[in-house]
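The values are calculated or read from the model by the stated rules, or taken from the named source; none is laboratory data. Owing to the predicted nature of the structure, the values given are computational and were not obtained by experimental measurement. Cβ atoms come from the backbone with ideal geometry, glycine included; neighbour counts cover every protein chain shown.
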């Protein structure tokens, strides 16, 4: 006989879930877009190793100048944040010199080395 997926008893306000507090049953809503966009990936190129993180249009709040084309990246435009992973003065210096690039400008820059 299949098991029913309905809870046997509703949790009342006075009863707590097994082994926890009253708020233990509440799970915060997960923002999948933010979770996916927040992970930096490593890219290797002839000019060094780079850490690249995608910024979604929803999370882009400020205006930046793209070093590839010298035009502004306006708020609400998806783009990339790039910093050197193999900086001469260490990771902290590379992170301090991070730049915001248009996605096409970043991918197009690798053609200079071919």
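Taking segment 52-62 as the range and being within 25 Å of residue 91 (Cα to Cα) and loosely packed, with under 12 Cβ neighbours inside 10 Å as the test, only 62 passes.
Residues checked against (1) at positive phi; (2) part of a loop (DSSP other than H, G, I, E, B); (3) modelled with pLDDT of 80 or more:
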residue	(1), (2), (3)
3	no, yes, no
17	no, yes, no
34	no, no, no
51	no, no, yes
80	no, no, yes
83	no, no, yes
106	no, no, yes
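Restricting segment 54-66 to residues that are assigned to a loop (DSSP other than H, G, I, E, B) and in contact with a helix residue (DSSP H, G or I) (Cβ under 8 Å, 6 or more places away or on another chain) leaves a set whose member that is modelled with the highest pLDDT is 66.
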